[in-house]
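The values are calculated or read from the model by the stated rules, or taken from the named source; none is laboratory data. Everything numeric in this text was worked out from a predicted model, so none of it was measured. Methodologically, a virtual Cβ is constructed for each residue, glycine included, from the backbone with ideal geometry; neighbour enumeration extends over all protein chains shown.
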Amino acid sequence: MAKRTILLVTLAAFVLTICPSSVIAGWSEDSFAPSTLSVTSDSLVRRYLVQKGDTVSEIARSMGLDASIIMAMNNLEAGSVIQEGQYLDIPGDRQRLHRVKAGECMWEIARMYQVSLNQLIAANTQIKDPSLLRVGEMIKIPSHSGLTAAAMAQPSRGFRGLFAWPVFGKITSGYGWRKSEFHHGLDIACPVGTPIRAAQAGVVVFSGTKSVYGKTVIIRHTNGMETLYAHNSKNMVKVGQQVKKGQVIALVGVTGRTTGPHLHFQVNYNGGTLNPSEYLR
């Protein structure tokens, strides 16, 4: 009996020695089963309860994570279907992570998450040469990143379909990366002079000119979200004015940096931007 006790104690000590601290934290703080993926030494693992209609990509996007990280942590294969009521292991709040893809560099990753290159390098002291990244390597993203903070605090599903289309036309550029820059809204092509209507009731917090957007109107709504309407030929509302949903607030134009007449429609929330397509009817 004594020999068996000594053997168990020795085995436990050996396991605690070789296990990553992130896994140990998962056991001691939240009683979670350890993941097969060592996230980071200073990160906690938390659990997410899958809701009806959830997908891995949607969960990852809402939390500012790479979907491949969640898949790896939960032993999911490409095309795996998750079920309502299922629990998924998610990297904790202390750290955002990015899995390096082929061709990516530190500068590009810094731009992607809207942090400075120096901040990103300082958060990843384990990388001896920042110019040499390995595909599949985990990069820590500073937690105060504006983009990540916004993604972590997205409005609930109840806001889906909240906004009406401000104009109708062909979408010439969507939300997300295009070549070397991130596009923060939707570009909707329309003839010059087309009426632009408020996507939702609110108060005008900006009506003027911005260097890139040209003539711009920004409306703040009661849920804390803001909608931005840019490249206008004429603004028809003033700061402080209350507007109704569907009210004409501006006319489509070509002011600012643009290659043709269109409306740049943007949704701002919590210091970042959201994909307008997810909130338009």
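Side notes on the structure shown:
- Screening G193, G174 for residues that are surrounded by fewer than 18 Cβ atoms within 10 Å (Cβ to Cβ), modelled with pLDDT of 80 or more and at positive phi leaves exactly one candidate, G193.
- Filtered residues of the range 229-248 (kept if without any contact (Cβ under 8 Å) to a residue 60 or more places away in the chain and outside any loop (DSSP other than H, G, I, E, B)): A230, H231, N232, S233, K234, N235, Q242, V243, V248
- Test: V217 is part of a strand (DSSP E or B) and surrounded by fewer than 20 Cβ atoms within 10 Å (Cβ to Cβ): no
- Checking L147 against (1) outside the structural domain of H262 (by TED's automatic domain parsing); (2) crowded, with 17+ Cβ neighbours inside 10 Å; (3) at pLDDT 70 or above; (4) touching a Phe, Trp or Tyr at 6+ places or on another chain (Cβ under 6 Å), the condition it does not meet: (3)
- Taken together, I218, I196 contain a single residue that is of a type in the set (V, I, T), more than 22 Å from W177 (Cβ to Cβ) and under 24 Å from the mean Cα position of the chain (by Cα), which is I218.
- Filtered residue count, the range 191-210, keeping only those that are part of a loop (DSSP other than H, G, I, E, B) and over 17 Å from N268 (Cβ atoms): 4
- Some residue of the range 257-264 being at pLDDT below 95, assigned by TED's automatic domain parsing to the domain that holds F168, of a type in the set (S, T, Y) and assigned to a loop (DSSP other than H, G, I, E, B): yes
- Among the residues listed as N268, N223, the single one being modelled with pLDDT under 95, surrounded by fewer than 15 Cβ atoms within 10 Å (Cβ to Cβ) and either touching a Phe, Trp or Tyr at 6+ places or on another chain (Cβ under 8 Å) or assigned to a strand (DSSP E or B) (or both): N223
- Selection count where residues are closer than 14 Å to M138 by Cβ, at pLDDT below 80 and not in a loop (DSSP other than H, G, I, E, B), scope the range 73-109: 6
- Filter result (modelled with pLDDT of 95 or more and buried (at least 19 other Cβ atoms within 10 Å of the Cβ)) within the range 203-213: V204, S207
- Total residues in the range 177-190 satisfying the condition of being modelled with pLDDT under 85 and in a strand (DSSP E or B): the figure is 5.
- Counting residues in the range 231-248 that are small (G, A, S) and under 17 Å from G185 (Cβ atoms) gives zero.
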